[in-house]
Amino acid sequence: MAYASELALKLVPYTAGEQPKDRKIIKLNTNENPYPPSPEVEKAIAGLVPQLRLYPDMEATGVREAIADYLGLTPDKVFCGNGSDEVLAFAFAAFFAGKQVISPDISYSFYPVYASLFGAKLTQVPLREDFTVDVAAMQKDHPIVLANPNAPTSLALQNSSLRELAIHTRSHGEILLVDEAYAEFARENAVSLLEEFDNLLIVRTFSKSHGLAGMRVGFAVGSPELIGYLRRVRDSFNSYPLDRLAQAAAEAAMRDSGYMRKQCEKIIDSRDWAIRKLRENGVTVLDSQTNFLFVKADETDASGIQKSLREAGILVRHFKAGRLNPYLRISIGTQEEMEQVVDKLLSLIRK
Ligand code: PMP
């Protein structure tokens, strides 16, 4: 006999990358932005303390309007939540609970956790040998969830493939959920497909491109019908997922899209520099469209290299699972941090 429910006992929770207190560490393990958010954020949240006695706007109207303006949509197509993790959780509850749902076998590792929490049966379709999504094999007459660009592989599907998946899911009366956490670092994104597909839901976050991981703001864009289902789930769980500080910060960051794009371009430049440098030295790195690299650091198991990097004060992520074992996921830091990590990595790989 345990105090816990059967549900709680059978959960296998997600393991997040560690958040060390040591400031000297080069932290490249959770795909955070190495640069601070827009200076407009600080101005927006300064002076808000007296207002904290009041509950925030349930609908996060200002943030939704800013997102809608940036993406060329109307605010009724936008939903905000406490990080995209929460938005994804609401989407699993709204669209997948009690159903079968298709996902690549290698993708964001929170999907299986949400599936088990909400009683969905997740069918995982193996990525191809080269880690690309097998688009034909994903078409199994059920709703689909995928991260695009994918994590931790950093590879992206083209819109033509997403279109094929949207058509297939629509023909079965199901949704296509595209997790675009890394969209601002990619060549394409699926927003232009929203006009054509009322069964397409795109989830994004302020954590990576806007440098606001500590604020916990994510959002979904899709048809008003889909947004309405997310609101039903939210209002059955927590009416106020975004506090006042988060709303002010996110609205200011979204309105300052020039600053955000500039930081993303810097990250993309450092990323492409690191890829070139590693490849010149014979290291296999996948073609990243994200703010992280997926690097083959060992023939069989990169955990030793991860450990050595850690001893050198550099945190990166290793996934101990089958095909991922030889690889490390390395978030893009500042150019200076990337130079240090590339140097260290090359010295360890060559040993
Ligand atoms: N989706 C993907 C693919 C991610 O890698 C992450 C970051 N761990 C998230 C969603 C969640 O981001 P957040 O909750 O910070 O918005």
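In table form, for the structure just shown:
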{"quantity": "Over the stretch 162-309 - Rg/Rh using Cα atoms and the Kirkwood inverse-distance radius", "calculated": "1.04"}
{"quantity": "Volume in Å³ per residue [convex hull over Cα atoms, computed for the stretch 1-140]", "calculated": "245"}
{"quantity": "Chain lengthening between Ala136 and Thr61 when straightened (0.36 nm per residue, less Cα-Cα)", "calculated": "23.1 nm"}
{"quantity": "Label-point gap, in nm, between Ile25 and Asp272 - each point 7 angstrom along Cα→Cβ", "calculated": "3.2"}
{"quantity": "Fully extended contour minus Cα-Cα distance, from Ser239 to Leu7, at 0.36 nm per residue", "calculated": "81.2 nm"}
{"quantity": "Convex hull projection area averaged over all views, the stretch 125-178, Cα basis, nm²", "calculated": "3.3"}
{"quantity": "Derived scalar couplings ³J(HN,Hα) [the stretch 287-302; Karplus, 6.51 cos²θ - 1.76 cosθ + 1.60; whole Hz; x for Gly, Pro]", "calculated": "7, 6, 10, 10, 9, 8, 10, 10, 10, 7, 9, 7, 5, 10, 8, 8"}
{"quantity": "Alpha-carbon Rg/Rh ratio, for the chain, with Rh computed the Kirkwood way", "calculated": "0.96"}
{"quantity": "Potential extension, Arg350-Glu195 segment - 0.36 nm per residue separation minus Cα distance", "calculated": "50.8 nm"}
{"quantity": "Estimated FRET transfer efficiency when R0 is 30 angstrom, pair Asp343-Glu299 (beta carbons, to 0.05)", "calculated": "0.90"}
{"quantity": "Net charge over other residues, Cβ less than 14 angstrom from the Cβ of Ile267 (K, R count +1; D, E count -1)", "calculated": "-2"}
{"quantity": "Neighbour count of at most 13 Cβ within 10 Å plus DSSP loop: longest GluC sites (Glu not before Pro)-free window in the chain", "calculated": "19-128"}
{"quantity": "Local electrostatic count at Gln158 - Lys and Arg +1, Asp and Glu -1, tallied over other residues with Cβ under 11 Å", "calculated": "0"}
{"quantity": "Residue-wise HN-Hα coupling along the stretch 211-226, computed from phi with Karplus coefficients 6.51, -1.76, 1.60 (Hz; x: Gly, Pro)", "calculated": "x, 10, 4, x, 8, 6, 9, x, 8, 10, 10, x, 5, x, 5, 5"}
{"quantity": "Considering only the chain, percent of DSSP beta bridges that pair antiparallel, nearest 5", "calculated": "50"}
{"quantity": "Selection of chymotrypsin sites (Phe, Trp or Tyr not before Pro), the stretch 185-265, meeting DSSP coil and at most 15 other Cβ within 10 Å", "calculated": "Phe237"}
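Values quoted throughout were computed directly from the atomic coordinates according to the rules given, and no laboratory measurement underlies them. Note that the structure is predicted; figures quoted are calculated from it, not measured. Backbone-built Cβ (ideal geometry, glycine too); neighbour counts: all protein chains shown.
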